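Peer 1: Next up is a structure, given as structure tokens.
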């Protein structure tokens, strides 16, 4: 395998391999820890604004070749958990130069690089919007096999399971439903509505470098569906030669239901850092779990495999071509008698997915760093064989095919001064296509085709220096289901009175376009009936206006303790809110109830996000966060076809309070003890008739889900290490206790933690 990967890298570099011996002009040196004086391996050393860069070797030394001559440039040294250090350097032709760096350990840093705030690379300190970052370390601490399980550990973010049968999950931001959250992969909106039903569980945690979360409307940057906020999943990029293999075994409910998860990662980078390739994979097999012993599972079985890659080639000192691709095959089944064919049981929800997703990006700058440009294309293809049926229905089989693609170009011009401050002008254009065809295979069902075209253009100008920042911009989208152009503006203000205090005020807008199938293509079984969605004739797009004010403050105390406090207030106005209402009609064969998507009266969501972090280096890391909020419709909304059931002004599945915490203690070197937990306050949940006699809006109990993980790292030889870990999820077994039972149950009546008390053990080999 290694030989094959090496050959691929050689092919990428066929334009010519560059080695240190080919150049007389170079920079070399080492990077050391300020406290211990030890040389630090695998620290990033780059020349700002170029593709020139490397990482320190196992001894902490680095070498930069092919560097600019006779012109000043900036060297940046950075790594997760350390301060970022820069130095301006000028090198004469033919003159090697030694430059050594000393960096300090800093777990809480404003210098982390983000791209979701303005579609350009910037630090969190100077970003126009507040960006929360979840790095890969959080997924390790929480022992999360997929993106879905790790996302909850941020203020304003909730991930919930919405189906007993299949485990449909959604991300809720700032109190809004999951379809108000836009999911991006490497900043591209290719996460289609079809993929979004189960997609977060299709993304293994080991493919993730970091996840950037921007709360509030983001349509001015990324287009449709960014009302509640944006979740940008950044995949791992190869930095140096490395590899890892890991396996985790979880006993669900401390029973014979098991979750086996195996992952691998491997990276190869050429000696001259001109090209790199990273491959990753996951194999996961999860048994079905029946919590209440009624023969119907609360957690469906999963058999899934994912493999992917990310590669790059630096085509010049100032340009780079990147490729990302991943493929997933997954079978999942819920209901009863999972070993029998779906049409021979009382309830079955079965999906068999084949998903291919990827993208190509070319980006570069001019030699004076004044102009930055990029062009990209990304796509996702989803094929799904499914069965959604009850009472041995032979007509419930179906096939669905979805294809989503986005292509675009972006240009950024950096001005030393425009009117009153240095400025960056960004312009771009995109085209997005989303095609979906659903073909029921039973008699009497007609296929449904949906094709969406969106043409977009955006412009923004950001004035900024270290103290001030002001951004104004907007985006125009032409959607083929809407007869007019949708304009989404944004205004951002930032003030940094000191280096460690960030104050922001933001207005952002968002929109959600009408479409027949969103997550609604996941057909819920209620009383044995199937449902079909149609659009009202006069349906308008849903719009949002969000206002937020935040303060993000950092401080290092005299004893070395680092602290961070974040406070954010938000207020969101929703207009023409989409509702799904009964029409009283059925399909021609009478087997499916027709639901119609209509515009409601509107809604308001307001609240406060709080977050505090403390780092007692190197032995304790503590982080807590929470949200207090209120989500209400302007007028009561009808949600049941039973006229005696009252309408509700309170949004369903939107608790007024929720929170999280993470704590990692290192009592001795290489031994970590991690405590993590999430709190979900009381919330209103729909409970449809079937198992019960009448539709009811149920107010749930509060839940606190705490987990414990112990891990120890063994140093075997050189770069080879072995980690042994184990722990308990949901220690207090804070799990729902009033599930419906039997074939007439409401599978959507599910809330609270996704797992009962469960024990896990694992091992990870790194090299």
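Peer 1: Where does each of 180, 82 land when they are ranked from fewest to most other beta-carbon atoms within 10 angstrom?
Peer 2: 82, 180
Peer 1: Assuming R0 = 41 Å, what is the FRET efficiency of residue 71 and residue 549, from their Cβ-Cβ distance, to the nearest 0.05?
Peer 2: The computed FRET efficiency comes out at 0.45.
Peer 1: Looking at the chain, send over the antiparallel percent of its DSSP beta bridges, to the nearest 5.
Peer 2: Of those bridges, close to 95 percent are antiparallel.
Peer 1: Roughly how many nanometres apart are two label points built 7 Å out from the Cα toward the Cβ at residue 92 and residue 567?
Peer 2: Calculated label separation equals 5.6 nm.
Peer 1: Using alpha carbons only, how many degrees (0 to 90, rounded to 10) separate the axis of helix 2-12 from the longest principal axis of the chain?
Peer 2: 70
Peer 1: For the pair residue 283/residue 356, report the inter-label distance in nm, with labels modelled 7 Å from Cα in the Cβ direction.
Peer 2: 2.3
Peer 1: Using 0.36 nm per residue of separation minus the Cα-Cα distance, give me the extension gain between residue 536 and residue 323 in nm, one decimal.
Peer 2: 72.6 nm is the gain from fully extending residue 536 to residue 323.
Peer 1: Let me ask you something else. On a full-extension model of 0.36 nm per residue, what is the gain between residue 344 and residue 61, subtracting their alpha-carbon distance, rounded to one decimal in nm?
Peer 2: Taking residue 344 through residue 61 to full extension adds about 95.4 nm, to one decimal.
Peer 1: Further question on the same structure: Taking other Cβ within 10 Å of each residue's Cβ, how do 78, 488, 316 sort, fewest first?
Peer 2: Listed from fewest to most nearby Cβ atoms, that is 316, 78, 488.
Peer 1: Report the label-to-label distance for residue 480 and residue 624 in nanometres (one decimal), using points 7 Å from each Cα along the Cα→Cβ vector.
Peer 2: Distance between label points: 5.2 nm.
Peer 1: Taking 0.36 nm per intervening residue step and subtracting the Cα-Cα distance, what contour gain separates residue 260 from residue 731 on full extension?
Peer 2: Net length gain for the segment: 167.6 nm.
Peer 1: Based on other C-beta atoms within 10 Å, arrange 326, 401 from fewest to most.
Peer 2: Fewest-to-most Cβ neighbours within 10 Å comes out as 401, 326.
Peer 1: What FRET efficiency do you get for residue 48 and residue 421 if R0 is 22 Å and r is their Cβ-Cβ distance, rounded to the nearest 0.05?
Peer 2: After rounding, the FRET efficiency stands at 0.65.
None of the figures in this text is laboratory data; all of them are computed from the coordinates on show. Since we're looking at a predicted model, the values are computed, not measured. Virtual Cβ from ideal backbone geometry, glycine too; neighbours counted across all protein chains shown.
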